[in-house]
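Data first, discussion second: the structure below is written as structure tokens.
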Amino acid sequence: MTLKLTLYTFKVSLWGAAPRLTINELNISNVKQIEIDISNARNFSPSYLHINPKHTVPALEIDEDGSKKYLNNTTSVIHYLNEIAEPPRYVDVYHKSIQESQSVLNVYQGISDTKTMFARNMQLWEVGKKILDKAESLLNSNGDYLFGRHSVADLHFVPYLFRPQA
Ligand SMILES: N[C@@H](CCC(=O)N[C@@H](CS)C(=O)NCC(=O)O)C(=O)O
């Protein structure tokens, strides 16, 4: 069976970005991507309305041995891509990171209330301030590097310094 996939998407569309991320993360090769510029109403062109009568991006064309079908909402496109992909190389890390995010997801989904998350953020903010105070005092006494000469501590610290500027 020959499978040809074409994703209709638009670079500045968040919905359109979701399957692009999926394709990259799951390393799916040979998906042709076609830009549908919705800012110019290309999603209302007769040819696109044939692909997706709902005139939204993304949409996926699945061509199996010349027989074409279309998926026209983000969830079904992503589920399909997930089905055909090889399991990601670091699948354990994926699951672990999803589990670790579960408490945050619960807040967004209204399953748990926001207080615990915000209390934890406040707590982390205080820890962050202490780390910066400590680093400042070390640099005041030791010069250019945290412990007087360049060490792994400096390598770890620099990204933290850049984050507040982002
Ligand atoms: N329910 C759709 C929503 C997609 C959507 O709203 N896409 C926007 C771009 S972010 C779009 O194509 N809007 C054009 C329109 O509605 O005419 C999905 O799951 O894919």
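Every read-out reported here was derived from the displayed coordinates using simple, explicitly stated rules and does not represent laboratory data. These numbers were taken from a predicted model, which means no experiment stands behind them. So basically every Cβ, Gly included, is an ideal-geometry build from the backbone, and we count neighbours across all protein chains shown.
Okay, here's what the table says:
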item: A41-A85 FRET efficiency (beta carbon distance; Förster radius 25 Å; 0.05 resolution); result: 0.15
item: Entries of K11/K68; K4/K68; K4/K69; K11/K32; K32/K68; K4/K54 with Cα pairs more than 18 Å apart; result: K11/K68; K4/K54
item: Along the chain, longest interval not containing exposed trypsin sites (Lys or Arg not before Pro), exposed being DSSP loop plus at most 12 other Cβ atoms within 10 Å; result: 90-148
item: Difference of contour (0.36 nm per residue) and Cα-Cα distance, K134 to R20; result: 36.8 nm
item: Order of D113, D154 - criterion: other Cβ atoms within 10 Å of each residue's Cβ, fewest first; result: D113, D154
item: Sorted by Cβ neighbour density within 10 Å, fewest at the top, the residues I84, I62; result: I84, I62
item: Antiparallel bridges, percent of DSSP beta bridges restricted to the chain (to nearest 5); result: 70 percent
item: Kirkwood-based Rg to Rh ratio, the range 17-70, C-alpha trace; result: 0.99
item: Additional length obtainable on full extension of the chain from N30 to K69, 0.36 nm per residue less Cα span; result: 12.3 nm
item: Estimated vicinal HN-Hα couplings, Hz - the range 65-76 in sequence order (Karplus 6.51, -1.76, 1.60; Gly, Pro = x); result: 6, x, 9, 9, 9, 10, 10, 10, 9, 4, 4, 5
item: Ellipticity estimate at 222 nm from DSSP helix runs (n ≥ 4, -39,500 (n - 2.57)) divided over the chain, nearest 500; result: -17000 deg cm²/dmol
item: Calculated FRET value between L124 and Y145, using beta carbons and R₀ = 35 Å, to 0.05; result: 0.85
item: Principal axis box of the range 55-133, alpha-carbon based, largest edge first, Å; result: 64, 31, 23
item: Equivalent-ellipsoid semi-axes of the chain, from the Cα gyration tensor, Å, largest first; result: 46, 20, 18
item: Order of M122, M117, M1 under a 10 Å beta carbon neighbour criterion, fewest first; result: M1, M122, M117
item: Part-to-part distance (alpha-carbon centres) for the range 68-83 and the range 22-59, which is given in Å; result: 12 Å
item: Total charge dipole magnitude, the chain, about the Cα centre, Cβ charges on Lys, Arg, Asp, Glu only, Debye to nearest 20; result: 260 debye
item: Chymotrypsin sites (Phe, Trp or Tyr not before Pro) restricted to DSSP loop in the range 6-106 with at most 13 other C-beta within 10 Å; result: Y90
item: Relative contact order computed over the range 11-68 (Cα-Cα under 8 Å; 6+ residues apart), in percent; result: 29 percent
item: Contact order normalised by residue count of the chain, Cα under 8 Å, 6+ apart, percent; result: 18 percent
